[in-house]
Every structure is written in structure tokens, then in C-alpha cells.
Amino acid sequence: MSMGLLGRKLGMTQVYDQDGNLIPVTVVGAEPNVVVRLQEHADGRKSVQVGFESVPETRISKPLRGHFAKAGVTPRRFLREFPVDGSEEWKPGQEIGVTLFRPGQRVDVIGVSKGKGFQGVMKKHGFSGQGAAHGSKMHRRNGAVGCRSTPGRIFRNQGMAGHLGHARVTVQNLAVVAVREEDRALLIQGSVPGARGGLVLIRSAIKGQPKPRQKPQPQAKSAKPAPAKAAKKK
């Protein structure tokens, strides 16, 4: 796997491509991430820890101060680790910007979805609800959840009311529409999880990149045999 990047979701807008098609995009602002640590695990895996967003030393603990001082970088608010294949050379203190990605590349975006609080079964699970007439007292309730003494219990994964949202969500195979190095921003096609200003993690898509389309080769026309001439009668 390749490196990734941490950024902030700034909002959504629309852009036109070269063919004049209108594309909805999400703008992700990504200040330069900095490499904090290189680690090689016991099983041979290698990973790179990166930091995002500078923070005053007074806002972090003493162990983290020593961690950043050892790497020779200023303290960062967020730390994330990315597995690498070892073929790329990374050094502590090295900065990683939006140029890590290229237009047309497929990426996975990970974020925390918007919290909806405590919700009922109709909004959380899409239940159709019950009778809407005045005589009904079960308009938006879930109804029965068990069945007498057999089995005498509620099965697992039974849809019930509860907390909705505020969960880690991964959206896969989104296309990078544009890389704006001067603005330190990425334009990613479609929507990404989370509210405006939320932290997002961008990595290269794990399900592969689109293959370039090959133009179909024109097939050679087969020469049609000349029609046989009818023999003249003597």
C-alpha cells in the first residue's frame, strides 16, 4: 500500500470537465503532512507515521513532546500511521503535500459521519411504520420484536431505536478531479463522510486504479469474392 494524507473537509462545489460535464466535488484542504516516525514491525511490515496540524507544546503531553523532539518536528494535533511497501524512501521531518495524488487517480476517503443522536426505527433502519389513522397508537413504533416462549428471546441484529451516525465511514474509489497545489487543496468527485471542517484521511484506493481505455483497432475488411459470371450458352 502507498502513503496517504490527512486533511479537512471544506465543503462541496461544482466544476466542469474538459467535455463540459458538470461534476460535483468535495474540496479537501490538506496542509503539508510531516513524517514523524518510521517503523518496521516484527513480521516485516513497514509503516510511516505522519502528523497533521501544528499545535502549541502546552496542548500536548510530555511523552508526546519527547516523541516529536526525537523526530525533530514541531508538535502536531493528529497522528496517523500508513503501511508502505518499503520501496519508497521516507525520512523524519519530510513534508507530504497534495501532490502525492494526481488527477484521475482513485482514492478511498475515511471520515466520521455526522451524528444524528437518538433516532427511531423509521429513520435509522427505514421501517415503513404502522397505521396512520386516528385509531392507531403505533404510528412510528417498531412493533413486536419476539415470539412468545419459543424462542423466548430477541434475535441478534433486531432493528431497534438507538444512536445514529458519528461512526467511522469509508467511501471507496472516488476520483481525484483536480490537485491545486497553490491552494493546498484536493477536489474529489462526489461526497465524503463528515461535516464541514471534519478530519478526513485520504489514501490510494485499495481496489485498484482504472485501466486506461484502449481505442478499438479497426478491423481489416475482408475482400469479397467476385461474383461468378454465368456461362454463355452456345
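The values are calculated or read from the model by the stated rules, or taken from the named source; none is laboratory data. Being a predicted model, the structure only gives us computed values, none of them experimental. When we count neighbours, we look across all protein chains shown, and the Cβ atoms used for this are built from the backbone with ideal geometry, even at glycine.
For the stretch 1-38, how many residues are more than 24 Å from residue 49 (Cα to Cα), among the small types (Gly, Ala, Ser) and at pLDDT 95 or above?
1
I'm checking my understanding of the structure. Among residues of the stretch 152-177 that are over 17 Å from residue 204 (Cβ atoms) and among the hydrophobic types (A, V, I, L, M, F, W, C), which one is farthest from the chain's Cα centre (by Cα)? Talk me through it step by step, then tell me what you get.
In the first step, residues of the stretch 152-177 are kept if they are over 17 Å from residue 204 (Cβ atoms); the result is 152-169.
When the remaining residues are screened for being among the hydrophobic types (A, V, I, L, M, F, W, C), the result is 154-155, 160-161, 164, 167, 169.
Values: 154: 35, 155: 33, 160: 28, 161: 28, 164: 20, 167: 13, 169: 8 Å.
Only one residue tops the list, namely 154.
Rundown of residues vs (1) in contact with a helix residue (DSSP H, G or I) (Cβ under 7 Å, 6 or more places away or on another chain); (2) part of a strand (DSSP E or B), yes/no style:
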site	(1), (2)
141	no, no
149	no, no
159	yes, no
172	no, yes
178	no, yes
182	no, no
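Checking residue 60 against (1) at pLDDT below 95; (2) closer than 25 Å to residue 174 by Cα: exactly one of these is not met. Which one?
Here residue 60 meets the rest and fails (2).
With the condition kept exactly as written, say whether any residue in the stretch 122-131 is loosely packed, with under 10 Cβ neighbours inside 10 Å, within 29 Å of residue 192 (Cα to Cα) and touching a residue at least 40 places away in the same chain (Cβ under 8 Å). So that I can check it myself, show each step before the final result.
To start, the set of residues in the stretch 122-131 that are loosely packed, with under 10 Cβ neighbours inside 10 Å comprises 126, 128.
Adding the requirement that they be within 29 Å of residue 192 (Cα to Cα) leaves 126, 128.
Then keep just the ones that are touching a residue at least 40 places away in the same chain (Cβ under 8 Å); that gives none.
Taking every residue of the stretch 122-131 in turn, none turns out to be loosely packed, with under 10 Cβ neighbours inside 10 Å, within 29 Å of residue 192 (Cα to Cα) and touching a residue at least 40 places away in the same chain (Cβ under 8 Å).
Residues in the stretch 184-227 that are more than 20 Å from the chain's Cα centre (by Cα), hydrophobic (A, V, I, L, M, F, W, C) and at pLDDT 65 or above: how many?
Counting residues in the stretch 184-227 that are more than 20 Å from the chain's Cα centre (by Cα), hydrophobic (A, V, I, L, M, F, W, C) and at pLDDT 65 or above gives 0.
One residue is enough: does the stretch 66-75 have a residue meeting the conditions under 24 Å from residue 191 (Cα atoms) and loosely packed, with under 11 Cβ neighbours inside 10 Å? Give the derivation first.
Kept after step one, since they are under 24 Å from residue 191 (Cα atoms), are these residues of the stretch 66-75: none.
No - not one qualifying residue is present in the stretch 66-75.
Show the residue pairs meeting these rules: Cβ distance below 6 Å; 6+ apart or different chains; first residue within the stretch 77-96 and on the phi < 0 side of the Ramachandran plot and surrounded by 11 or more Cβ atoms within 10 Å (Cβ to Cβ); second residue part of a loop (DSSP other than H, G, I, E, B) and not acidic (Asp, Glu).
77/55; 82/3; 83/1; 95/32
Hey, any hits in the stretch 152-159 for a residue that's surrounded by 15 or more Cβ atoms within 10 Å (Cβ to Cβ), of a type outside the set (Val, Ile, Thr) and in contact (Cβ under 8 Å) with a residue 24 or more places away in the chain? Walk me through it before giving the result.
Filtering the stretch 152-159 down to residues surrounded by 15 or more Cβ atoms within 10 Å (Cβ to Cβ) leaves none.
Within the stretch 152-159 (the criterion being surrounded by 15 or more Cβ atoms within 10 Å (Cβ to Cβ), of a type outside the set (Val, Ile, Thr) and in contact (Cβ under 8 Å) with a residue 24 or more places away in the chain), the answer is no, since none of the residues qualifies.
Which one is surrounded by the fewest Cβ atoms within 10 Å (Cβ to Cβ), of the residues in the stretch 16-65 that are under 21 Å from the mean Cα position of the chain (by Cα) and acidic (Asp, Glu)?
Looking at the filtered set, the residue picked out is 53.
Can you run down the residue pairs with Cβ atoms below 9 Å, 6 or more apart or on separate chains, where the first is in the stretch 97-114 and closer than 19 Å to residue 196 by Cβ and the partner is crowded, with 18+ Cβ neighbours inside 10 Å and of a type in the set (Lys, Arg)?
109/9; 109/203; 110/203; 111/9
Looking only at the stretch 8-46, count every residue that is in contact with a Leu (Cβ under 7 Å, 6 or more places away or on another chain) and under 28 Å from residue 83 (Cα atoms) and tell me the total.
As a first pass, look at the stretch 8-46 and keep what is in contact with a Leu (Cβ under 7 Å, 6 or more places away or on another chain): 8, 14-16, 25, 27-30, 33, 36.
Within this subset, residues satisfying the condition of being under 28 Å from residue 83 (Cα atoms) are 8, 25, 27-30, 33, 36.
Number of matching residues: 8.
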